[in-house]
Amino acid sequence: MSTHASKISMEKIVSLAKRRGFIFPGSEIYGGLSGTWDYGPLGVELKNNIKREFWRTLVYQRDDTVGLDAAVLMNPRVWEASGHTEAFADPLIECKVCHERIRADNQEDKESHEKTHRTRKETPAWTEPRQFNLLMAAELGSVEGKKSSVYLRGEITQGVHVNFKNVLDAAWMKIPFGIVQIGKAFRNEITPGNFTFRSREFEQMELQYYVRPHEAESMRWFLYWKEERMAWYKRLGIRGANLRFREHAPDERAHYARAAWDIEYNSPFGGWKECEGIHHRGEWDLSRHKEFSGVDLSYFDEEAKERFIPWVIETSGGVDRALLFFLIDAYREEPDKDGVRTLLKIHPQLAPYKVAVFPLLANKPDLVDRARKIYTILKSSLVAAWDDIGNIGKRYRRQDEIGTPFCITVDFETLEDGTVTVRDRDTMRQERVNEKELIEHLSDKIKTGS
Ligand code: ATP
């Protein structure tokens with residue numbers, strides 16, 4: 001059986017995600033709300049782990065970056081300065097028969113829509129493409145007639161740039177330095193779909209890295225971040241064959257962008273899809289906010305004794321997209337002695353549960369008590385699950401399917417010598433480990449991912 005991402009059916013992923021509590025359709029009992037998703041008990045763990053790994057790599061392991069958490073609602077002038085009110089748009093065409101709108105560049109949707117009309121013996125026809133703004137409007141204030149319109153942020157980027165000076169003054173950063181942020185963004189996507197891939201409410205994880213306005217130096221940083229971000233996905237387990245870089249074509253690139261590349265994933269829904277963008281934004285952001293706010297956002301370089309508007313290298317990824325691709329890439333069906341086992345071969349640092357604890361027999365109080373004790377101790381350091389239902393084989397299968405890297409069985413030998421069986425999700429190998437050494441033993445394996 002092939003494990004290549006493009007061969008995995010999305011139905012299996014969606015069904016596993018729902019059945020085991022990773023991802024549910026938003027507002028499901030009311031018939032749903034298109035483009036929204038709710039993360040279940042395991043989904044929220046996986047999502048938090050992805051965000052934590054991002055934060056750890058980009059903030060805690062570096063000296064040249066700091067974090068930020070800006071508001072979703074911003075002064076509407078922000079979006080004028082950033083160009084979003086003017087240009088944050090997708091070209092749309094409208095069906096003249098049923099008035100449904102789709103993206104003009106979505107050939108697949110266009111053809112299937114036309115086919116539907118033809119089967120009803122209608123002649124499909126389209127309007128000319130028109131721009132459709134993706135910003136989602138909201139109303140602020142409680143008094144009718146006195147409400148003011150704002151937008152839910154269409155990207156998290158601007159919250160960082162408007163705080164450039166605040167961070168500079170408060171954290172005494174010296175260029176080059178970066179600001180990292182993770183948070184929700186909202187877009188009136190015309191055709192949400194492919195599970196969580198294109199949603200109307202989603203999370204982004206970004207780095208805005210401020211550099212000197214020098215051609216060669218800024219390009220060096222651009223290339224550096226491009227490689228760093230790719231390495232991050234690979235280190236967390238996505239197979240290299242399913243990842244690639246793609247350079248934006250000149251007509252795709254924002255007019256201010258000096259370079260723009262995407263990290264793409266080879267998805268089961270139509271092949272290579274954007275996972276994260278790495279953009280060289282030049283001086284666009286800070287110079288526009290300087291112009292629109294009237295606040296000087298230049299930087300004074302003490303060493304070189306020069307004042308300048310920094311250039312920005314941005315890495316912008318979607319948390320939900322990363323989660324979806326981590327899930328797809330980890331999904332395996334492997335033959336075992338009882339047929340086929342489904343497993344999520346996900347990096348231990350991302351796995352919702354790090355370990356599951358089983359008493360060999362649920363009706364032997366000695367075993368249950370001892371297992372409970374071990375479980376309680378483990379829970380203080382690691383996210384742990386408890387399972388005492390069915391035979392051990394069935395429990396392994398349940399844990400494999402949700403990606404728990406280690407299962408611990410407490411048996412009669414444990415009562416005698418204090419050792420437990422530790423079973424590895426990927427190799428299915430079992431070893432005896434002393435209960436006192438468990439935390440250290442597991443922590444080492446979780447860190448290295450082996
Ligand atoms: P696309 O071309 O797929 O619409 P984009 O180029 O508009 O994406 P950016 O504006 O560069 O995307 O946003 C950065 C990242 O945010 C994307 O790489 C993606 O991971 C994520 N993202 C953007 N739009 C969505 C969405 N509607 N749903 C989920 N994630 C999204």
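The values are calculated or read from the model by the stated rules, or taken from the named source; none is laboratory data. This structure is a prediction, so every number in the text was calculated from the model and none was measured. Positions of Cβ are generated from backbone atoms using ideal geometry, with glycine treated the same way; all protein chains shown enter the neighbour counts. Only protein heavy atoms, including side chains, enter the accessible area calculation; ligands, DNA and RNA are left aside. Shrake-Rupley method; radii C 1.70, N 1.55, O 1.52, S 1.80 Å.
Okay, here's what the table says:
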read-out	value
Strands (runs of 3 or more DSSP E) wholly inside the stretch 42-122 containing at least 1 residues that are under 17 Å from N188 (Cβ atoms) and hydrophobic (A, V, I, L, M, F, W, C)	89-94, 101-103
Candidate set from the stretch 263-310 (those that are acidic (D, E) and within 11 Å of the ligand (Cβ to nearest atom)); member that is surrounded by the most Cβ atoms within 10 Å (Cβ to Cβ)	E276
Residue within the stretch 169-178 that is surrounded by 20 or more Cβ atoms within 10 Å (Cβ to Cβ) and touching a Leu at 6+ places or on another chain (Cβ under 8 Å) present	yes
Exclusive hit being within 16 Å of the ligand (Cβ to nearest atom), open to solvent by less than 40 Å² (accessible area, probe 1.4 Å) and outside the structural domain of R229 (by TED's automatic domain parsing), set I93, I102	I102
Complete set of residues in the stretch 311-332 that are open to solvent by 10 Å² or more (accessible area, probe 1.4 Å), more than 13 Å from the ligand (Cβ to nearest atom) and touching a helix residue (DSSP H, G or I) at 6+ places or on another chain (Cβ under 8 Å)	W311, Y331
Residue ID - farthest from the chain's Cα centre (by Cα), chosen from residues in the stretch 187-198 that are more than 8 Å from the ligand (Cβ to nearest atom) and open to solvent by 40 Å² or more (accessible area, probe 1.4 Å)	N188
Residues located in the stretch 199-247, provided they are open to solvent by 10 Å² or more (accessible area, probe 1.4 Å), touching a residue at least 60 places away in the same chain (Cβ under 8 Å) and aromatic (F, W, Y)	F202, W221
